[in-house]
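The values are calculated or read from the model by the stated rules, or taken from the named source; none is laboratory data. Here the structure is a predicted model, which is why all the values come from computation and not from measurement. Every residue, glycine among them, receives a Cβ derived from its backbone with ideal geometry; neighbour counts consider all protein chains shown. Heads up: the accessible areas ignore ligands, DNA and RNA and are worked out on the full protein's heavy atoms, side chains in. Shrake-Rupley method; radii C 1.70, N 1.55, O 1.52, S 1.80 Å.
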Amino acid sequence: MSPTQVVVIVIVVVVLAALAAVAVVASRRRALKQRFGPEYDRAVAEQDSRGAAERELRERERRHAELELTPLSPESRARYAAAWEELQVRFVDSPAEAVGDADELVSRLIAERGYPTGDFSDQIAHLSVEHARTLTHYRDAHDIRLRNERGEAGTEELRQALVHYRALFADLLGEDPVGHRPPEQRHPDHEHDATSR
């Protein structure tokens, strides 16, 4: 074999290896984008580089794999759905209190499923692996709840918080707890009858 042929073979092998590496990276990137959806874009925007964001997302997957997640029993699912429906009815008379209760109910459901419930950012990281598509709702609800605690949230924002909480709640529950009815708000000119919904 001539030296030219050896050089050509080496170049071909190097090019094929580089193409294989690019294909592997692209495949991993597609898998992360598919799994994390909007959370992938958020991680990329928050990190210094796409590679750093992807490392963080793979680390989330690793930590998530260590969790002992449990499905809900039918009885538990029914109990949570009933609690959510009651919470939505209470929203009419006490929107601020109902939003706080929604946060507590979602936290209980998260804990029962086996997710950690301590630090909010850790909670988001663990949830993002299987529930990434509803995390924007959860973040928005959390932000409104914090504004509500400071007395800065209006009734419409509180209604939106409840809608946002319900998105993650339904995702964790595996079904919409009360169909597609958003919580109603009390209008000053007339009273809602809670039993008519």
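Out of everything in region 111-163 that is open to solvent by less than 30 Å² (accessible area, probe 1.4 Å) and over 28 Å from Glu56 (Cβ atoms), what residue ends up being farthest from the chain's Cα centre (by Cα)? Filtering first and then ranking leaves Ala153.
Looking at the structure I just gave you, is Ala31 without any contact (Cβ under 8 Å) to a residue 12 or more places away in the chain, open to solvent by 50 Å² or more (accessible area, probe 1.4 Å), aliphatic (A, V, I, L, M) and within 24 Å of Ser121 (Cβ to Cβ)?
Working: without any contact (Cβ under 8 Å) to a residue 12 or more places away in the chain: yes; open to solvent by 50 Å² or more (accessible area, probe 1.4 Å): yes; aliphatic (A, V, I, L, M): yes; within 24 Å of Ser121 (Cβ to Cβ): yes.
Against the criterion (without any contact (Cβ under 8 Å) to a residue 12 or more places away in the chain, open to solvent by 50 Å² or more (accessible area, probe 1.4 Å), aliphatic (A, V, I, L, M) and within 24 Å of Ser121 (Cβ to Cβ)), Ala31 qualifies.
The conditions of being farther than 27 Å from Glu39 by Cα, free of Cβ contacts under 8 Å to residues at least 60 places away in the same chain and open to solvent by 60 Å² or more (accessible area, probe 1.4 Å) are not met by Glu85.
Quick check: anything in region 158-181 at pLDDT 90 or above and of a type in the set (S, T, N, Q)? Yes. Of the helices (runs of 4 or more DSSP H) lying entirely inside region 30-92, those containing at least 2 residues that are aromatic (Phe, Trp, Tyr) span 74-91. Taking the criterion of being at pLDDT below 85 and farther than 17 Å from Arg55 by Cβ, the residues of region 30-40 that qualify are Gln34, Gly37. Taken over region 1-29, the criterion of being among the polar types (S, T, N, Q) and either assigned to a helix (DSSP H, G or I) or at pLDDT below 80 (or both) is satisfied by Thr4, Gln5, Ser27.
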